[in-house]
Each structure stands twice: as C-alpha cells, then as structure tokens.
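Colleague: Here you go, one structure.
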Amino acid sequence: MALSYPLTRPAGGFRSIEWTPRTIVGINASPFTGQQQTYVWPGQWWEVTVTLPSMTDTQAGVWQGFFLALNGREGSFYLGDSVRTSPLGNIAGTITVGAGAVANSTTLPLAGAGVTVFAVGDWLQVGLTTTARLHRVVKVIDSASVDVFPRLRSAYTNGTTIIKTSAVGIFRLTSLPGWGYDEIKRCQGLTFNAMEVLT
C-alpha cells in the first residue's frame, strides 16, 4: 500500500525544539535622509529545528524509517509544539471559525459555546487532517476574535473546527537528515529541520 501523507511522527518527546517564524517584509531607506519605507507581503510561515534525545538502535530505527518514508522534501507530516500543548487562556467548549475570515488577514474570528478567551502565545489549529494549519495568538482582541501568526492561509469557512489542545500543522523536511551512533551503540544528536507546508 502506498504511503499517504501527511504522516504522524513517531511518539516520544524531543531533546529540544526551536521555532523560527518567517515573514517577508522588504525595506527601503533613503540614501539622503535615512527615512525608511517598508513593503509588507503576505508570506508568513513556521520553520522548526528539532533535536531528538539519545536513543537505542530500536528507537532510532523508528525515526529513521519515518524520515526515509518522507523521502526528503516529498512527503509531509504533522508537527506541533511540545512545550505549550494546552492553552493558557480561559477556554471552554467547542471553538470554531466565526463568520468573516479573510485570506491573508491576521485576524481570526471565533465562534462557539463557553468562554473563549485565548491568551497571547496560545497555539491553535484550524482545520483537520490535510487542511490543518498551525497559528499562534499574538493579540487577544476580544472573546470573538484574535490576531494570529501566520496570517490566515485562506478565507476559512465559517464553522471550521479549531483545535486548542495539542495543535499541529503540516510540515516537510528541508533536507533528509543523517544519523550516527556512539561507542555504546546509541544514536546521538539526531536533528531535523522542517518548514510549514504552504499551499
């Protein structure tokens, strides 16, 4: 049976994870006055560097198989933050996308039952399976809207599911990682880099 992407990554924690937000903003400075003008483009995405803990050959083999199944940059996989897996905001009930979501906007309208106040820094996932998009709250406007990074990928449909716990996005490797073993046959320092899939 052929592989079906995105894949679910192997279970287990990370030794470290480093998130890098990317954004496309140009700047032009006058050679005479030094005054600056910025040019803001809609491109925003996540890049991540993950280092795995020391592993036995059996444990490492699962990760190695996962990387090989991705075939470098061909395949995609689900990935989320391993630190803040639950929101710090006061949130109850089911949350969905509210009416009026606009592509490339930073504002995400919210709807749903219960108290819906996210906290700055909370992660949220818009959509499920192959439509999962990972956002982080940068400003709480009110109980019905937040500003997020990255910008909305599309005009999300009213009623689209929002996941507030263990949120994930879809990523692809930037290159196929290698691996090595130490003198006691443990895989050490296996690190991979990935970027968010942009569609």
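Colleague: In the chain, what percent of the accessible surface is made up of carbon and sulfur (1.4 Å probe, ligands and nucleic acids excluded)?
Modeller: Carbon-and-sulfur percentage of accessible area, whole number: 55.
Colleague: Quick one: 3J(HN,Hα) in Hz for region 143-152, Karplus 6.51/-1.76/1.60 with θ = phi - 60°, rounded, Gly and Pro as x.
Modeller: Result, ordered by residue: 6, 10, 6, 9, 8, 10, 10, x, 4, 4 Hz.
Colleague: Does anyone have the angle between helix 57-70 and the longest principal axis of the chain? Alpha-carbon axes, 0 to 90°, nearest 10?
Modeller: Roughly 50 degrees between the two axes.
Colleague: Using just the helices of the chain, give the 222 nm mean residue ellipticity in deg cm²/dmol: DSSP H runs with n ≥ 4 each add -39,500 (n - 2.57), and the total is spread over all residues, rounded to 500.
Modeller: It comes out at -2500 deg cm²/dmol, rounded to the nearest 500.
Colleague: Could you let me know the centre-to-centre spacing of region 149-176 and region 5-54, using Cα atoms, in angstrom?
Modeller: Here the two parts' Cα centres lie 15 Å apart.
Colleague: Find the accessible area per residue for region 32-156; the probe is 1.4 Å, ligands and nucleic acids are left out, and the unit is Å².
Modeller: For region 32-156, the per-residue accessible area is 46 Å².
Colleague: Right, next: Out of all DSSP beta bridges in the chain, what portion is antiparallel? Express it as a percent rounded to 5.
Modeller: In the chain, DSSP labels about 95 percent of beta bridges as antiparallel.
Colleague: Probe 1.4 Å, all protein chains in place: accessible area of Tyr39 in Å², nearest 10?
Modeller: Counting only protein heavy atoms, Tyr39 exposes about 90 Å² to solvent.
Colleague: A further question follows. Given a 1.4 Å probe and the protein chains all in place, what does the accessible area of Asp182 round to, in Å² to the nearest 10?
Modeller: So the heavy atoms of Asp182 present about 40 Å² to solvent.
Colleague: Compute, for Arg186, the solvent-accessible surface of its heavy atoms (probe 1.4 Å) with the complete set of protein chains present, and express it in square angstrom to the nearest 10.
Modeller: 70 Å²
Colleague: Sort Lys164, Lys185 from largest to smallest accessible area, using a 1.4 Å probe on the heavy atoms of the protein chains.
Modeller: Greatest to least solvent exposure: Lys185, Lys164.
Colleague: Rounded if a/c is under 1.5, else prolate if a/b is larger than b/c, else oblate: which is region 136-199, with a ≥ b ≥ c the root eigenvalues of its Cα gyration tensor?
Modeller: The shape class here is prolate.
Colleague: If you take every residue apart from Val140 with its C-beta less than 10 Å away from the C-beta of Val140, what net charge results, scoring Lys and Arg +1 and Asp and Glu -1?
Modeller: With Lys, Arg at +1 and Asp, Glu at -1, the net is -2.
The values are calculated or read from the model by the stated rules, or taken from the named source; none is laboratory data. Given the structure is predicted, the values throughout are model-derived calculations rather than measurements. We place every Cβ from the backbone using ideal geometry, glycine too, and count neighbours over all the protein chains shown. For accessibility, only protein heavy atoms count, side chains too; no ligands or nucleic acids. Shrake-Rupley method; radii C 1.70, N 1.55, O 1.52, S 1.80 Å.
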